[in-house]
Amino acid sequence: MLILTMLALAFSSTAPAQSGGSSNIPNLRELPVTLSWDDSGIRIVAKTSNPRSGNILSLVPSRFLEQIGNDLIRVTPGSGQAPVIIDLTDYFRGTSGATADATNMIDNTVPQVTIEMPKLTLSSYNEPNSFLVEIQNYSNREKGLSQTFLFRGLDIFYVNSSECVKRSSESNRIILDVSKCETVKYLVIEGGLLNLADVDEKIPALCEKYNDRYYTPGQTKAFLCVEECMSEGAGAYEHLKHVRELITKYNITDYEDAPLSYIGDVILTRKGVGLNLKKKQDAKLFKKKEDEFAADHAYKFFPWYEFINLNFDKYEDDQKLIISDPNNNNYLYDSRVYFSNVELIQFFSELKDLISDRVK
């Protein structure tokens, strides 16, 4: 069993796009559908057409889904908690080797996108490779209306919206309150797939580079346990035990995931990053006051689709980092390791670039 020295993770210093801007993720492409709304409901509109069939949207009949034109579907108010499922699985499989603009594909075809509503409403739609968008208060005529959309078949997801949209998020659910939007009433949605075939080699190499650059003898390095490291000499069992404890604390239950590195209470896996954080307790403008953050730390795991949209900055001393996301969530990370926050930001910038380059 091999133990490799390496660094764990941190976050990018490049600010992600906020409401109204485009994501900074390379290769992220606009999805073939947009969402718009008025008092009569929310419309799903195709941005291109399928030359062979005429339509790119394939509608599964439902009493809440109405075909009102070629590649134009209206979601009528009153669907309750049932989400509209926009299945992009075939679309991305069919265009993964094509250009970003599907209309310029060599064989001049566009795979269809299936639109449907489930017959049974589930309590949770936290599916792999899926994202929920909840549009709240979209009607001026009937207050309090909301509608949820489940986008299926994506690894990376980003919603562009105007400044009038109030954003928040919870797990894979993005909540958009559009009650203040009087003129701009549409969303542009981007997405992509990740090719992580080489991260088991690339991430350890990046970690090793930062260990070589900043490691001080006598400090604890980060380690990689490929399988069982109990036979690798003194301290090997302790390293393995610590990794297992972190997996439990970060609730990493995905059997396809695997730890690549850790340092202290930070863990890096094939599918994301875990950090011990304090979350900002209110929605006020950020100020440098410790009491604005929750008293207790919480172990939070950021999948890659969240990580590459995070923004990192220095805070107060050379150990603390402020972490923010496009949905106005702010976190405080006190590194308590031998790397300064500037060095951690450098590392996270490279890690973010490494993952972003694997979007296809």
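Every read-out reported here was derived from the displayed coordinates using simple, explicitly stated rules and does not represent laboratory data. Since the model is a prediction, treat every value here as computed from it, not as a measurement. All Cβ positions, even for glycine, are placed from backbone atoms using ideal geometry, and neighbour counts span all protein chains on display.
With labels modelled as points extended 7 Å from the Cα through the Cβ direction, what inter-label distance (nm, one decimal) is found for Asp200 paired with Phe64?
It works out to 4.2 nm between the two label points.
Please give, to one decimal in nm, the separation of the simple spin-label points placed at Thr76 and Glu170, each 7 Å out from Cα toward the Cβ.
For the pair Thr76/Glu170, the computed spacing is 2.9 nm.
Calculate, in nm to one decimal, what Ala295 and Lys143 gain on full extension: separation in residues at 0.36 nm each, minus their alpha carbon distance.
That works out to 51.1 nm of additional length.
Hey, with R₀ at 45 Å, roughly what FRET efficiency would Lys249 and Asp90 work out to, going by the Cβ-Cβ distance, to 0.05?
About 0.75, to the nearest 0.05.
Under a crude label model (7 Å from the Cα following the beta-carbon direction), how far is Asn328 from Asp353 in nanometres?
Going by the 7 Å Cα→Cβ label model, 3.3 nm.
Residues with amide H under 5 Å of Ile85's amide H, sequence separation 5 or more or different chain, H placed in the peptide plane at 1.01 Å from N; which?
Sorted by chain and number, the residues that satisfy this are Glu116, Met117, Leu150.
Can you work out the Karplus-derived ³J(HN,Hα) for every residue in the stretch 270-280? Use 6.51 cos²θ - 1.76 cosθ + 1.60 with θ = phi - 60°, whole Hz, and x for glycine or proline.
3J(HN,Hα) across the stretch 270-280, in whole Hz: 4, 10, x, 10, x, 9, 8, 10, 10, 9, 5.
Could you pull out every residue, at least 5 positions away or on a different chain, whose amide H is within less than 5 Å of the one on Val273? Hs are placed 1.01 Å off N in the peptide plane, and Pro or chain starts have none.
So Val273 has HN proximity to Phe302.
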